Amino acid sequence: MSVKLGLLALLAEEPKYGARLRAEFEARTGGTWPLNVGQVYTTLSRLERDGLVEAVGEDAEGRIAYRLTSTGRSEVSRWWLEPVDRDSTPRDELVIKLALAVTVEGVDVHRVVQTQRTATLKHLQDLTRLKHRASAGDRDTGPDTDSHDTAWLLVLENLIFAAEAEVRWLDHVETRLAREASRPRRRTSGTPTDEPTDEPTNERGPGHEQGQPTTSEKDHHRTTA
Amino acid sequence: MGTMGTTNTPILRLAEVTRVHGSDATAVRALAGVSMEVHAGELVAVMGPSGSGKSTLLNLAGGLDAPTSGQVFVEGEAIGALRGDGLARLRRRRVGFVFQDFNLIPSLTAAENVALPLELDGQRVRRARRHALAALDLVGVRELADRYPDAMSGGQQQRVAIARALVGDRKLVLADEPTGALDSHTGEDVLRVLRERCDDGAAGLLVTHEARHAAWADRVVFLRDGVVVDSTGQPATADSLLEPTA
Ligand SMILES: Nc1ncnc2c1ncn2[C@@H]1O[C@H](COP(=O)(O)OP(=O)(O)O)[C@@H](O)[C@H]1O
Ligand SMILES: [Mg+2]
């Protein structure tokens, strides 16, 4: 992921000048990816050259604010729509993307989460298929290839764990958003609350936090045939 | 995986299935217009938060519950038309269930548990036992035939439950969190067995909240509030992600 998409996402809200973009980017992504002002201005001039942003003029202090062109706007929309490409970018893009998605007005965060979850599960399916094949081949291989097979399995399993962790984290994001969404209601009730923010999160998904009846799977119909 | 050729008639087909529990003020719409197909050789996983309708979906697929509207077809037959005996026969001959807590009968051995649906269906004891042993063999626990459930590990019990679900040439296995009570390694073994049964021609519908287990399926379907919101089988169609800004 380039700084480019992060800046475009912030400019989608309203025109901003460089120093403000830098400050907002850092504040909203929890300092995960510190930028310097120079980097921001270089990026902005490249974006301007490519027709994704345009200058709106100077303010009293001589700062130039930028706004998105329609091309820039569709570039941002495309980014929200598409899952993060696993092959070409470090996984951090997803973290940055979601941090921005929850702060930028008008983004359907649930959709972003679901699109990513589906993509990550597809990836996990591919990995599982490879693993199934690798471990099914165990029998046919001679002793020489044993350690190579083990190494390959370990690599696959590392990728499987990473993908699984990502899905669990996405579930957790939904859980947290559901909890945050129910917070203002609690405030207006005027009762002092012990914010249960540190309670262990339920990894099984948001349903548990939304007060829906969690019917025990065991209580469901049983049959022996 | 899923190498078994798919025939044209799916083993399971849901057509616009809706299920409303209760009525009027207390009505809960557990499923809303769900359509899906599971073919021979296919394993389909269903994921979704608690309360999203996963168990309701399985119960409808197996004829344990009836839709408020829409239809369920098993091997091409509309099961809504079946009554009493017909439904019982469907459950004995065509559909098998696997649950989180194994549900084996404690006073029966593994082989007797697996043979039970066949005996209930009127088969002779010896013949039923022969089929049961074959089914236990397929899930890799032939040697446990004469053990009682409490002398087996969770993973072994779940394999026996899978054998029971598929004994006698049944084609549809419905599994509701079958790995929920197992450690992750054992859970994976159980998934592998389920996968292999499907590769051999069964159709499987699996509810799980474990992404790593769902990944054994050919297709993962996501349920939310009774609606299929996405599936790994088809490309995501996100069209209104950004609300039009004024
Ligand atoms: N027998 C029932 N009577 C009333 N409501 C039910 C019944 N079974 C399920 N529900 C409701 O239907 C919804 C879906 O339930 P269920 O299918 O068990 O979801 P899941 O298995 O995904 O947790 C939930 O809101 C649940 O409370
Ligand atoms: Mg359930």
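The values are calculated or read from the model by the stated rules, or taken from the named source; none is laboratory data. Source: prediction; values computed, not measured. For neighbour counting, all protein chains shown are included, and Cβ atoms are generated from backbone atoms with ideal geometry for every residue, glycine included. For the accessible areas, the whole protein counts, side chains as well, though only heavy atoms, and no ligand, DNA or RNA atoms are used. Shrake-Rupley method; radii C 1.70, N 1.55, O 1.52, S 1.80 Å.
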TODO: Look through region B:195-211, keep the residues that are within 14 Å of another protein chain (Cβ to nearest Cβ) and under 10 Å from the mean Cα position of the chain (by Cα), and return whichever of them is nearest to ligand 2 (Cβ to nearest atom).
DONE: B:Val207
Task: In region B:167-178, residue nearest to the chain's Cα centre (by Cα) [restricted to those that are open to solvent by less than 30 Å² (accessible area, probe 1.4 Å), away from ligand 2 (no atom under 16 Å from the Cβ) and within 12 Å of another protein chain (Cβ to nearest Cβ)] - done: B:Arg170
TODO: Could you please give the count of residues in region A:46-63 that are open to solvent by less than 60 Å² (accessible area, probe 1.4 Å) and at pLDDT 90 or above?
DONE: 5
Task: Qualifying positions in region B:107-122 - aliphatic (A, V, I, L, M) and either under 14 Å from the mean Cα position of the chain (by Cα) or buried (at least 16 other Cβ atoms within 10 Å of the Cβ) (or both) - done: B:Ala110, B:Ala111, B:Val114, B:Ala115, B:Leu116, B:Leu118
- [ ] Take region B:12-60 and flag every residue that is away from every other protein chain (no Cβ under 14 Å), more than 9 Å from ligand 1 (Cβ to nearest atom) and either closer than 20 Å to B:Phe99 by Cβ or acidic (Asp, Glu) (or both).
- [x] B:Leu12, B:Glu16, B:Asp24, B:Glu37, B:Val38
- [ ] Just give me the residues in region B:62-87 being surrounded by fewer than 24 Cβ atoms within 10 Å (Cβ to Cβ), under 13 Å from the mean Cα position of the chain (by Cα) and within 16 Å of ligand 2 (Cβ to nearest atom), in sequence order.
- [x] B:Leu64
Open item on the list: Condition (residue is open to solvent by 10 Å² or more (accessible area, probe 1.4 Å) and away from ligand 2 (no atom under 16 Å from the Cβ)) applied to region B:43-55: is it met by at least one residue?
Closed with: no
- [ ] Only one of these is open to solvent by less than 50 Å² (accessible area, probe 1.4 Å) and either within 13 Å of chain A (Cβ to nearest Cβ) or among the hydrophobic types (A, V, I, L, M, F, W, C) (or both): B:Ala145, B:Ala134. Name it.
- [x] B:Ala145
- [ ] Being buried (at least 18 other Cβ atoms within 10 Å of the Cβ) and among the aliphatic types (A, V, I, L, M) is the filter here, so list the residues in region B:88-106 that pass it.
- [x] B:Leu90, B:Val95, B:Val98, B:Leu104
Open item on the list: I'd like the full set of residues that are in contact (Cβ under 8 Å) with a residue 60 or more places away in the chain and at the interface with chain A (Cβ under 10 Å from one of its Cβ atoms), limited to region B:179-194.
Closed with: B:Gly180, B:Ala181
- [ ] Being more than 9 Å from chain A (Cβ to nearest Cβ) and more than 18 Å from the chain's Cα centre (by Cα) is the filter; apply it to region B:212-232 and report the residue that is least open to solvent (accessible area, probe 1.4 Å).
- [x] B:Val227
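Does A:Leu11 satisfy being in contact (Cβ under 8 Å) with a residue 60 or more places away in the chain and either polar (S, T, N, Q) or more than 22 Å from A:Pro83 (Cβ to Cβ) (or both)?
Here the answer is yes, as A:Leu11 does meet what is asked.
Tell me, please, whether a residue that is buried (at least 17 other Cβ atoms within 10 Å of the Cβ) and either under 28 Å from the mean Cα position of the chain (by Cα) or basic (Lys, Arg) (or both) can be found in region A:32-39.
yes
A quick yes/no check of all residues on (1) part of a helix (DSSP H, G or I); (2) free of Cβ contacts under 8 Å to residues at least 24 places away in the same chain; (3) away from chain B (no Cβ under 14 Å); (4) more than 19 Å from the chain's Cα centre (by Cα):
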| position | (1), (2), (3), (4) |
| --- | --- |
| A:Ala60 | no, yes, yes, yes |
| A:Ser77 | yes, yes, no, no |
| A:Gln114 | yes, yes, no, no |
| A:Thr120 | yes, no, no, no |
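Can you go through B:Gly80, B:Gly76, B:Gly63 and tell me which one is free of Cβ contacts under 8 Å to residues at least 24 places away in the same chain and more than 11 Å from ligand 1 (Cβ to nearest atom)?
Numbers: B:Gly76 fails: free of Cβ contacts under 8 Å to residues at least 24 places away in the same chain; B:Gly63 fails: free of Cβ contacts under 8 Å to residues at least 24 places away in the same chain.
Of B:Gly80, B:Gly76, B:Gly63, the one residue that is free of Cβ contacts under 8 Å to residues at least 24 places away in the same chain and more than 11 Å from ligand 1 (Cβ to nearest atom) is B:Gly80.
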Task: Candidates B:Leu31, B:Leu57, B:Leu43 - the one that is in contact with a Leu (Cβ under 7 Å, 6 or more places away or on another chain) and either among the polar types (S, T, N, Q) or over 30 Å from B:Ser153 (Cα atoms) (or both) - done: B:Leu31
Open item on the list: So if I check each of B:Asp200, B:Asp239, which one is acidic (Asp, Glu) and either open to solvent by less than 30 Å² (accessible area, probe 1.4 Å) or modelled with pLDDT of 90 or more (or both)?
Closed with: B:Asp200
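Please tell me if A:Glu166 is more than 16 Å from ligand 2 (Cβ to nearest atom) and at pLDDT below 90.
Details: more than 16 Å from ligand 2 (Cβ to nearest atom): yes; at pLDDT below 90: no.
For A:Glu166, the condition - more than 16 Å from ligand 2 (Cβ to nearest atom) and at pLDDT below 90 - is not met.
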- [ ] Go through region A:5-34 and give me each residue that's part of a loop (DSSP other than H, G, I, E, B) and under 13 Å from A:Ile96 (Cα atoms).
- [x] A:Thr29, A:Gly30, A:Gly31, A:Thr32, A:Trp33, A:Pro34
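Please pick out the residue among A:Glu14, A:Glu26 that is at pLDDT 90 or above and either under 15 Å from the mean Cα position of the chain (by Cα) or charged (D, E, K, R) (or both).
Working: A:Glu26 fails: at pLDDT 90 or above.
Step by step, each of A:Glu14, A:Glu26 is checked, and only A:Glu14 is at pLDDT 90 or above and either under 15 Å from the mean Cα position of the chain (by Cα) or charged (D, E, K, R) (or both).
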